[in-house]
Amino acid sequence: MRPLTALAVAVAAFAWSGSALAGPPGSGFLVFKDSRVGAVTELRADGTGRLLAREAVHAKATGGKKHQAEDCRDASNAPFGATWPAMRPRYLVNSASTPAGLDRQMTLEQIRRSHDAWRFPFVTDCKRPKPSTPQKSYRPIYGGETTRLASLVGWLETDGVNTVAFQSLEGTVCDGASACVIVWFDGGDILEADLAFEPDLTRYGLADFWTNDERTWWDDLGGEWAIMDVATHEFGHFAGLDHVWESPALTMFPFVHDGAQTLGLGDMLGMHAMY
Ligand SMILES: [Zn+2]
């Protein structure tokens, strides 16, 4: 279920228009930096990592409730223009990096469930309408555990391994994010994607903590961020989706919220458009 706080979104800066880089030109890195105050997306050059474009969205809670049915009617979705090719890519999870306060095994299971929310049959509360035909070509699967860190997230270093890890984002291109996805793409293909969670959210000055509970909540002092909600949103980027700016009920709204672990209509349609 999705008890939602209504959110007002102010788009602070647009370096490219709308929701996307429809068909990213050439090759490069897309950096999705998500946090409690909004989202920053960057396009960086292949090779040098030079910043080419940047957009920032700041979201602010306004109180109030959105009806859950909203996310089952909103068809908004924004593929960013690169998708996983037909081979069978694997993502590995560094579960040894799970911070104290989280259960390591449960966190691993929740990360896997968050990824599988995007595979058909989708994890959703929506009864109908929803896509009735399966995806045919979304192939990333869990490939086991690793001791690697997310190389792209730390240093834009490609290592050919799609890694999910908790690691300090301080001083990296992802600094400021609670969770960060970097996608390396070339000619419409995703070549590698890494996902990192900042293990110490208190580093940003508030009493924010990760939780294995299902519920995400927060206030001005701090909050608890459900791995399931955050990871599901981030795996949307991993699959090829950009944010949907005006759809607060959808998982790909650029502001992680309670209930993001179940997909809305637009989230599912986005996957169908791509795969
Ligand atoms: Zn995001």
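Below is a table of values for the structure above.
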| read-out | value |
| --- | --- |
| Selected from Leu195, Phe120, Ser168, residue furthest toward positive end of dipole (segment 4-274; charges at beta carbon) | Phe120 |
| Projected label distance in nm at Arg128 and Tyr142, using a 7 Å step from Cα toward the beta-carbon | 3.2 nm |
| DSSP-defined beta bridges in the chain - what % are antiparallel, rounded to 5 | 70 percent |
| DSSP loop trypsin sites (Lys or Arg not before Pro) with at most 12 other Cβ within 10 Å: longest gap in the chain | 137-275 |
| The chain - charge dipole about Cα centre, Lys and Arg +1 at Cβ, Asp and Glu -1, debye rounded to 20 | 780 debye |
| Where the Cα pairs of the chain fall when distances are cut into 5 Å bins, in % | 1, 6, 14, 19, 21, 19, 13, 6, 1, 0 |
| Theoretical gain in end-to-end length, Arg90 to Asp219 [0.36 nm per residue, Cα-Cα removed] | 42.8 nm |
| Among Phe209, Phe235, Phe32: highest mean-square fluctuation, GNM of the chain, C-alpha pairs under 10 Å | Phe209 |
| Phe120 long-range amide H proximity, modeled H, under 5 Å | Gln135 |
| Neighbour cut-off at most 14 other Cβ (10 Å), DSSP loop, GluC sites (Glu not before Pro), segment 133-172 | Glu157, Glu170 |
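Every number here is computed from the coordinates shown, using simple stated rules; none is lab data. Values in this document were obtained by computation on a predicted structure and should not be read as measured data. For neighbour counting, all protein chains shown are included, and Cβ atoms are generated from backbone atoms with ideal geometry for every residue, glycine included.
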